[in-house]
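Report on one structure; see the data block that follows.
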Amino acid sequence: RKSKLPFRKKIIFLLFGLILSLVFLELSLRLGIFVFSSFQASRNRQAAHKKGAYRIMCLGESTTALGGQYSYPAQLEETLNLSSSEIKFVVINQGAPATTTTGIIFDLEKNLKEYKPDMVIAMMGINDNCPKYYEDIVDNTLFSNLIIYRISRVFYNGIFGKIKKATYDTTGV
């Protein structure tokens with residue numbers, strides 16, 4: 001059975017559906033980031049207000065931020081508190097996915113003032129060693145503030161970066 005819609009209307013419906021899907025994806029990603037950031041900030045504020053505890057602030061990228069109870073900051077707090085009955089330790093997880101050393105340094109003074117840690121531990125380097133996908137994406141175009149645009153640029157740069165490398169790497173080394 002053939003559709004009675006003209007080809008032009010089919011294309012319009014297809015484009016409308018695609019745009020609607022992209023808007024929904026963008027909003028979902030932003031909501032997810034908001035929920036994650038709010039949860040992390042709430043936990044950090046609670047930890048920072050524990051009286052008499054030795055405060056350790058962990059800085060880093062997704063390897064610091066993600067993992068919940070299995071993240072290294074959570075494991076560090078648990079291990080330190082199990083090994084010492086005299087000192088209570090509180091670990092503040094200020095990890096931020098997709099950040100670089102530059103981003104961590106940019107926020108350092110604000111984090112020090114807000115949490116007043118006794119010690120700071122920074123685990124950084126994975127994102128710094130990647131090709132500068134993320135920094136290259138900040139191109140001041142109309143779409144550069146969209147998460148889906150930045151993600152697609154990372155994939156685009158990654159795929160075509162590998163193709164260019166394979167094309168120019170003919171030495172076999």
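The values are calculated or read from the model by the stated rules, or taken from the named source; none is laboratory data. If you're wondering where the values come from, they're calculated on a predicted model, not measured in any experiment. Every residue, glycine among them, receives a Cβ derived from its backbone with ideal geometry; neighbour counts consider all protein chains shown. Heads up: the accessible areas ignore ligands, DNA and RNA and are worked out on the full protein's heavy atoms, side chains in. Shrake-Rupley method; radii C 1.70, N 1.55, O 1.52, S 1.80 Å.
A few points about this structure:
- Over region 27-123, accessible surface divided per residue gives 62 Å², non-protein components excluded, 1.4 Å probe.
- If the chain linking residue 98 and residue 15 were pulled fully straight, counting 0.36 nm for each residue of separation and taking away their Cα-Cα distance, it would gain 26.8 nm.
- If R0 is 45 Å, the Cβ-Cβ spacing of residue 84 and residue 28 corresponds to a FRET efficiency of close to 0.60.
- The number of Lys pairs in region 1-136 with C-alpha atoms less than 20 Å apart, excluding pairs fewer than 8 positions apart on the same chain, is 9.
- Cα gyration tensor shape of region 32-88, rounded if a/c is under 1.5, else prolate or oblate by comparing a/b with b/c: oblate
- Pairs of C-alpha atoms in region 70-113 farther apart than 15 Å represent 55 percent of all such pairs.
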